[in-house]
Amino acid sequence: MKTQQETNDQTSATCPACGLLCDDLILNQTSPLAVKNACPKGIEFFERSFSANINVSPSIDGKPSDLASAVKKATEILQQSKSALFAGLGTEVQGMRAVIRLAKKTNATLDHLHSESSIRNTLALQNGGWLTTTLAEVKNRADVILAIGTDITSSHPRFFEKLVWNTESLFDKPTPEVIYIGAPAEKTKAGTAPDGKAPTTITADPNHLPEIVNTLSALLCKKKIHAQTAGSVALSELVSVVEKLKNAKYAVIVWSASSFKFSHAELTIQSIVQLINQLNETTRAAGLPLNSGDGDYSVNNASAWLSGYPTRSRFKNGRADYDSFHFSTKKQHNIADALLWISTFNPHEPPISHCPTIVIGHPDTKFERTPDVFIPVGIPGVDHTGLMFRMDSSITLPLKALQETQLPSLGEVIKQLETALSNTQAAKVKTA
Amino acid sequence: MITLLKNGRIYDPAHQKNGVIEDIYLYQGRIIPKPVDDAKISQIYDLTGKVVMAGAIDMHSHIGGGKMNIARMMLPEYQQQYQQAQAIKNLTEPEAHICTPHCSHHAVPSATDTGFRYIEMGYTAAFEPAIMPVNARQAHLEMGDTPMIDKGGYAMLGSDDYFLRMLTANRDQKAINDYVAWILHATQAIGIKVVNPGGISAFKFNQRRLDLDENHSHYQVSPRAVLKSLSRAVHELGIAKPLHVHCNNLGAAGNFETTLNTMSASEGLPMHLTHIQFHSYGTEGDKKFSSAAAQIAEALNKNKHITTDVGQILFGQTVTASGDSMMQHLNAKHANPKKSVIMDIECDAGCGVLPFKYRDQNYVNALQWAIGLEIFLSVEDPWRIFLTTDHPNGAPFTSYPHLIRLLMDKTFRNEHFARLNLDAQAMSNLTSIEREYSLYEIAIMTRAGAGKLIGLNDCGHLGLGAQADITVYTDQTDREAMFSKPDYVFKNGELVVKNGQVVKVVWGATHTAKPAFDIGVEKDLKDYFNRYQTMQLDNFKISDAEIGDDGRNHVITNVHKG
């Protein structure tokens with residue numbers, strides 16, 4: 001469907017390049033590609049996607065093959081496997097529905113490529129829960145935005161343009177005050193308001209964030225602190241942050257689990273949650289965790305309603321098991337007896353594994369080590385339709401197919417694998 | 001080919017059939033008259049002595065949407081503990097409920113398990129009562145992946161900025177009606193729900209409680225005004241399902257007065273007060289928490305325009321998942337285990353998810369159990385009261401057979417009562433109530449009444465032309481055993497359950513209501529979305545094609561003939 005702003009050569013699109021999932025993009029379909037309303041990350045995504053080689057054929061041991069042979073070879077690998085690992089999982093809801101069906105049939109273990117990050121949020125959620133908000137609430141309600149350990153825009157480029165510097169809002173709120181703690185200093189320019197007002201930037205070593213966040217919590221609870229600094233930040237600076245949070249009508253605290261590089265970052269996320277909970281004793285405040293991308297939230301959500309668990313899960317006789325520690329790609333990829341790597345949005349390379357490797361992925365994927373089978377598939381939101389969860393998990397948006405392609409979708413390939421698997425199983429029963 | 005269900009004892013309250021022996025003929029998914037030519041009958045089920053009812057309908061059960069998925073992510077231990085317990089138990093051991101190797105009688109089953117557990121009990125449809133409009137796509141995705149049963153839902157309004165803004169601006173009723181109808185279409189819903197009218201929004205403005213006649217601090221409108229406007233919209237649009245209302249002050253001692261006062265908010269127009277057990281609390285006694293079931297039941301008996309479902313609690317571990325972020329935030333301190341998710345969502349609504357363990361030795365929990373049953377047994381008209389546990393908030397829906405036995409078997413009920421916290425026993429008159437529900441009344445509450453209330457044209461009854469969703473039970477004195485494990489369940493005329501076990505996987509449809517409205521309403525909405533929302537209006541709307549995209553599901557639009 002075309003919107004009023006579109007002409008015949010133009011089409012509206014939803015951008016899956018980051019968790020903001022902007023759906024106000026207008027693409028010029030005639031060459032050269034022009035994308036209205038897109039950020040650099042979105043433009044890069046669409047440029048790469050439209051220039052991807054749609055003529056690339058499947059391959060077996062690096063040698064070009066037809067799809068049927070590649071599916072046959074992949075089926076053999078899965079057939080012989082007893083403990084396959086399905087990793088990467090860079091896909092959207094429809095793709096994940098298919099992945100789960102296949103995992104049920106093959107007793108596979110499932111892990112997403114960004115779960116090292118997202119699992120920290122999941123662990124915090126499972127430990128104490130949290131109080132969070134969504135993008136339209138930020139846009140219309142936030143008066144203070146505190147970003148902890150992230151500059152936000154590197155991963156979510158239009159955050160400020162769309163949600164912070166908006167001139168119109170429902171409740172006539174002031175332009176939010178932006179505070180960074182421990183964000184890369186060279187990247188905090190995006191936090192400068194259109195009127196030139198600079199953000200408050202508290203420079204800190206990101207590895208000191210656990211200490212700093214705990215100090216903020218302690219100050220909010222009126223605990224006496226004798227030290228003059230916390231994580232080499234002057235206490236007075238933190239006192240002033242706490243005051244701003246307390247006086248805000250709706251403070252939003254933003255963090256990115258992927259930017260927390262220290263171990264047991266889930267404990268720091270818990271401390272952020274405690275800070276937010278404490279603020280809500282008297283005023284309103286909420287958290288906004290940033291996602292990492294490649295469909296991480298779509299995969300987690302679809303997995304939860306289909307199997308009862310978010311990812312890191314394993315299927316056994318059709319039933320899921322859950323282990324956020326042992327079922328990681330890192331722990332499994334060398335003990336699994338087959339690896340199926342999926343990455344449809346970006347040409348992410350699979351980890352090098354000693355077991356037979358099948359890659360269903362982006363046509364431009366390059367390999368350090370040639371996989372046993374490579375099946376290129378179309379990109380959701382460019383070559384195929386799809387459904388994607390936004391970073392706040394409350395909104396699911398359709399992704400469009402923007403161009404004709406001969407590449408199959410992930411779902412189509414998996415369907416062929418399933419059929420081949422049941423055919424060989426049926427044949428086995430017959431011979432037995 | 002025609003299937004004949006022969007000699008069954010029919011309980012079909014929609015046609016005043018109370019245990020009559022009759023034959024039923026099924027053809028192409030429907031109930032048909034006796035064929036002229038017997039030769040066309042390809043299959044005969046001899047149901048001599050068996051109890052035959054339409055498939056049951058759960059008119060209020062949280063089966064789809066963000067809240068349940070948050071619960072699944074937050075509470076993996078529910079499923080893990082259950083699986084461990086199942087592994088230890090002898091799986092062939094007959095249970096009070098049906099246990100299969102893939103059993104999931106816990107509070108947060110996957111979509112797949114939800115469908116299986118429902119059909120195994122003879123339920124053929126369930127309705128998600130709180131579809132948040134911005135989250136409707138997810139709700140339908142989850143319901144679309146729920147096999148075996150028909151689905152549908154009520155769209156949540158009343159704390160959304162767009163509607164509250166209209167109320168503040170005194171927009172005329174026609175404008176409100178058009179917006180409400182537009183929401184029904186856009187979200188593929190069959191009814192409209194209000195949760196803590198205005199309260200979810202008020203919480204975002206730091207109001208911590210909102211009474212029926214208290215103004216929202218920003219919009220300066222009261223919950224009563226919200227209810228008046230929305231109940232009228234629903235009525236004037238001519239959809240069957242009355243406005244579905246979760247009252248203000250859920251769970252608070254003394255809230256029965258709010259509930260009584262709410263009954264007048266629709267000014268005589270039909271209104272459904274949901275999970276009323278949670279809204280029937282007094283403040284008498286040493287603990288300042290008492291049963292107000294008698295007052296509530298009396299008012300329900302008097303106010304014929306009000307219908308209700310109970311939201312019975314049953315003891316054990318569950319999770320409460322509600323749109324009522326205001327009251328859930330207030331109650332988060334009672335969470336067990338101690339964790340909670342509270343969300344403010346898109347200037348549209350919110351949610352709160354907290355695990356909860358109801359214990360029979362806890363005074364408040366024990367009394368909540370008694371209050372629910374007191375209401376069930378004191379409301380005279382079974383056409384106006386429905387059997388729910390507000391799954392999973394009061395208990396998982398898999399406990400329905402147990403609840404049915406509590407209603408049908410006074411001795412069983414009193415035995416359970418005797419195990420309660422003694423102080424709670426002293427505060428309840430439950431044992432003085434003699435009533436036992438009959439099979440006919442159970443069929444009203446769980447079939448005919450529910451189908452009529454929601455406005456399902458072809459479900460909840462066994463009349464000619466009805467959808468052939470049929471459950472067959474063996475009449476047993478142990479009603480829990482009886483309702484746990486039907487002999488047969490037919491879905492759209494196909495045998496899908498035999499002796500309580502699924503024998504065929506099918507996919508139900510999605511029930512909706514699509515009243516006519518002025519599409520001109522979209523002009524202002526489009527501008528509103530562009531200026532204030534974070535998604536495009538076109539992406540907010542869910543098409544029929546989207547629902548049927550997977551080739552399994554389709555949309556049924558029910559037309560209200562009333």
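Write out, first by first residue and then by second, each pair whose Cβ atoms fall under 9 Å of each other, whose residues are 6+ apart or on separate chains, and whose first residue, in region A:387-413, is facing chain B (nearest Cβ under 8 Å) while the second is buried (at least 23 other Cβ atoms within 10 Å of the Cβ) and of a type in the set (Lys, Arg).
A:Leu387/B:Arg137; A:Ile395/B:Arg137; A:Thr396/A:Arg390; A:Thr396/B:Arg137; A:Leu397/A:Arg390; A:Leu397/B:Arg137; A:Pro398/B:Arg137
Kindly establish whether A:Tyr309 is hydroxyl-bearing (Ser, Thr, Tyr), more than 10 Å from every other protein chain (Cβ to nearest Cβ) and over 30 Å from B:Gln207 (Cβ atoms).
no
Within 14 Å of chain B (Cβ to nearest Cβ) and over 17 Å from the mean Cα position of the chain (by Cα) - does that describe any residue in region A:326-339?
yes
One line per residue, one yes/no per condition, for (1) crowded, with 21+ Cβ neighbours inside 10 Å; (2) in contact with a Ser or Thr (Cβ under 6 Å, 6 or more places away or on another chain); (3) among the aromatic types (Phe, Trp, Tyr):
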position	(1), (2), (3)
B:Ile200	yes, yes, no
B:Lys204	yes, no, no
B:Arg209	no, no, no
B:Tyr219	yes, yes, yes
B:Val226	yes, no, no
B:Ser229	yes, no, no
B:His235	no, no, no
B:Val245	yes, no, no
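Among all residue pairs at least 6 apart or on different chains, which show Cβ distances below 9 Å where the first residue, located in region B:417-432, is free of Cβ contacts under 8 Å to residues at least 40 places away in the same chain and the second is β-branched (Val, Ile, Thr) and surrounded by fewer than 21 Cβ atoms within 10 Å (Cβ to Cβ)?
B:Ala418/B:Thr431
Is it the case that region A:267-283 has a residue that's at pLDDT 95 or above and under 29 Å from A:Ile77 (Cβ atoms)?
Looking through region A:267-283, none of the residues is at pLDDT 95 or above and under 29 Å from A:Ile77 (Cβ atoms).
What strands (runs of 3 or more DSSP E) lie completely within region B:24-67 and have 1 or more residues being farther than 30 Å from B:Thr320 by Cα and either touching a residue at least 40 places away in the same chain (Cβ under 8 Å) or small (Gly, Ala, Ser) (or both)? Steps first, answer last, please.
Values: elements: B:30-32, B:41-46, B:50-54, B:56-58.
In region B:24-67, B:30-32, B:41-46, B:50-54 are the strands (runs of 3 or more DSSP E) which contain 1 or more residues that are farther than 30 Å from B:Thr320 by Cα and either touching a residue at least 40 places away in the same chain (Cβ under 8 Å) or small (Gly, Ala, Ser) (or both).
Among (1) under 18 Å from A:Thr365 (Cβ atoms); (2) at pLDDT 95 or above, there is one condition A:Ile54 misses while meeting the rest; what is its number?
Condition (2) is where A:Ile54 drops out.
Conditions: (1) under 25 Å from A:Ile100 (Cα atoms); (2) at pLDDT below 95; (3) over 16 Å from the mean Cα position of the chain (by Cα); (4) more than 9 Å from every other protein chain (Cβ to nearest Cβ). B:Asn90 meets all but one. Number of the miss?
(1)
Listed here are the residues, each with its yes/no results for (1) part of a loop (DSSP other than H, G, I, E, B); (2) charged (D, E, K, R); (3) within 30 Å of B:Asp549 (Cα to Cα).
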{"residue": "A:Asn334", "(1), (2), (3)": "yes, no, no"}
{"residue": "A:Ile352", "(1), (2), (3)": "yes, no, no"}
{"residue": "A:Pro363", "(1), (2), (3)": "yes, no, yes"}
{"residue": "A:Glu368", "(1), (2), (3)": "yes, yes, no"}
{"residue": "A:Met388", "(1), (2), (3)": "no, no, yes"}
{"residue": "A:Asp392", "(1), (2), (3)": "yes, yes, yes"}
{"residue": "A:Ala401", "(1), (2), (3)": "yes, no, yes"}
{"residue": "A:Gln406", "(1), (2), (3)": "yes, no, yes"}
{"residue": "A:Ile414", "(1), (2), (3)": "no, no, yes"}
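Looking at region A:224-237, can you tell me whether even one residue there is crowded, with 21+ Cβ neighbours inside 10 Å and either of a type in the set (S, T, N, Q) or assigned to a helix (DSSP H, G or I) (or both)?
No - not one qualifying residue is present in region A:224-237.
Give me the pairs: first residue in region B:325-344 and more than 18 Å from A:Ala124 (Cα to Cα) and more than 8 Å from every other protein chain (Cβ to nearest Cβ), second residue among the aromatic types (Phe, Trp, Tyr) and in a helix (DSSP H, G or I), beta-carbon distance under 9 Å, and six or more apart or on different chains, which are they?
Going by the 9 Å Cβ cut-off, the qualifying pairs are B:Ser325/B:Phe203; B:Met326/B:Phe203; B:Met327/B:Phe203.
Checking A:Thr370 against (1) more than 14 Å from chain B (Cβ to nearest Cβ); (2) polar (S, T, N, Q); (3) under 25 Å from A:Lys104 (Cα atoms), only one condition comes out false. Which one?
Condition not satisfied by A:Thr370: (3).
With the checklist (1) in a loop (DSSP other than H, G, I, E, B); (2) more than 26 Å from B:Asp160 (Cα to Cα) in hand, flag the one item B:Ile296 doesn't pass.
(1)
Kindly establish whether A:Glu418 is modelled with pLDDT of 95 or more, surrounded by fewer than 24 Cβ atoms within 10 Å (Cβ to Cβ) and within 19 Å of A:Ser303 (Cβ to Cβ).
Judged against the criteria, A:Glu418 is a match.
Which one of the conditions (1) over 23 Å from A:Ala87 (Cα atoms); (2) outside the structural domain of A:Ala302 (by TED's automatic domain parsing) does A:Met391 fail to meet, given that it meets all the rest?
All conditions pass for A:Met391, except number (1).
Restricting to region B:380-403, name every residue that is over 24 Å from B:Ala299 (Cα atoms) and touching a helix residue (DSSP H, G or I) at 6+ places or on another chain (Cβ under 6 Å).
B:His391, B:Thr398, B:Pro401, B:His402
Tally the residues that are at pLDDT below 95, away from chain A (no Cβ under 11 Å), surrounded by 15 or more Cβ atoms within 10 Å (Cβ to Cβ) and not in a helix (DSSP H, G or I), restricting the search to region B:509-551.
0
I want to confirm something. Restricting to region A:131-152 and keeping residues that are within 14 Å of chain B (Cβ to nearest Cβ) and hydroxyl-bearing (Ser, Thr, Tyr), which single residue is farthest from B:Asp160 (Cα to Cα)?
The extreme case among them is A:Thr132.
Any residue in region A:48-73 that is assigned to a loop (DSSP other than H, G, I, E, B) sitting within a Cβ distance under 7 Å of a residue that is β-branched (Val, Ile, Thr) and surrounded by fewer than 19 Cβ atoms within 10 Å (Cβ to Cβ)? List the pairs, counting only those 6 or more apart or interchain.
A:Ile54/A:Thr405; A:Asp61/A:Thr370; A:Gly62/A:Thr370
Tell me, which residue of region A:350-397 that is surrounded by fewer than 20 Cβ atoms within 10 Å (Cβ to Cβ) and touching a Leu at 6+ places or on another chain (Cβ under 7 Å) is farthest from A:Phe46 (Cα to Cα)? Outline the logic, then answer.
Going residue by residue through region A:350-397, those that are surrounded by fewer than 20 Cβ atoms within 10 Å (Cβ to Cβ) are A:351-352, A:354-355, A:364, A:366-370, A:385.
Next, only the ones that are touching a Leu at 6+ places or on another chain (Cβ under 7 Å) stay: A:355, A:385.
Numbers: A:Cys355: 34, A:Thr385: 15 Å.
Checking each candidate, the answer is A:Cys355.
Residue check, B:Pro355 against (1) away from every other protein chain (no Cβ under 12 Å); (2) closer than 27 Å to B:Gln207 by Cα; (3) not basic (Lys, Arg), all met but one. Which one?
Here B:Pro355 clears every test but (1).
Restricting to region B:504-538, name every residue that is polar (S, T, N, Q) and touching a helix residue (DSSP H, G or I) at 6+ places or on another chain (Cβ under 6 Å). So that I can check it myself, show each step before the final result.
So the first thing to find is which residues in region B:504-538 are polar (S, T, N, Q), and the list is B:510, B:512, B:530, B:533-534, B:536.
Within region B:504-538, B:Thr510, B:Gln533, B:Thr534 qualify.
When you go through A:Ile54, A:Ile60 one by one, which is the residue that is under 23 Å from A:Gly378 (Cβ atoms), touching a strand residue (DSSP E or B) at 6+ places or on another chain (Cβ under 8 Å), away from every other protein chain (no Cβ under 13 Å) and surrounded by fewer than 24 Cβ atoms within 10 Å (Cβ to Cβ)?
The match here is A:Ile60.
Please find, among B:Ala335, B:Ala321, B:Ala366, the residue that is surrounded by fewer than 24 Cβ atoms within 10 Å (Cβ to Cβ) and more than 22 Å from B:Asn261 (Cα to Cα).
B:Ala335 is the lone residue from the list that is surrounded by fewer than 24 Cβ atoms within 10 Å (Cβ to Cβ) and more than 22 Å from B:Asn261 (Cα to Cα).
Examine region A:110-130 for a residue that is within 11 Å of chain B (Cβ to nearest Cβ), under 30 Å from A:Glu161 (Cβ atoms) and outside any helix (DSSP H, G or I), and state whether such a residue exists.
Yes, because at least one residue in region A:110-130 is within 11 Å of chain B (Cβ to nearest Cβ), under 30 Å from A:Glu161 (Cβ atoms) and outside any helix (DSSP H, G or I).
Of all residues in region B:344-362, count the ones that are assigned to a strand (DSSP E or B) and farther than 22 Å from B:Tyr78 by Cα.
Here the count works out to 4.
The values are calculated or read from the model by the stated rules, or taken from the named source; none is laboratory data. This structure is a prediction, so every number in the text was calculated from the model and none was measured. Reconstructed Cβ throughout: ideal geometry from the backbone, glycine too, with neighbour counts over all protein chains shown.
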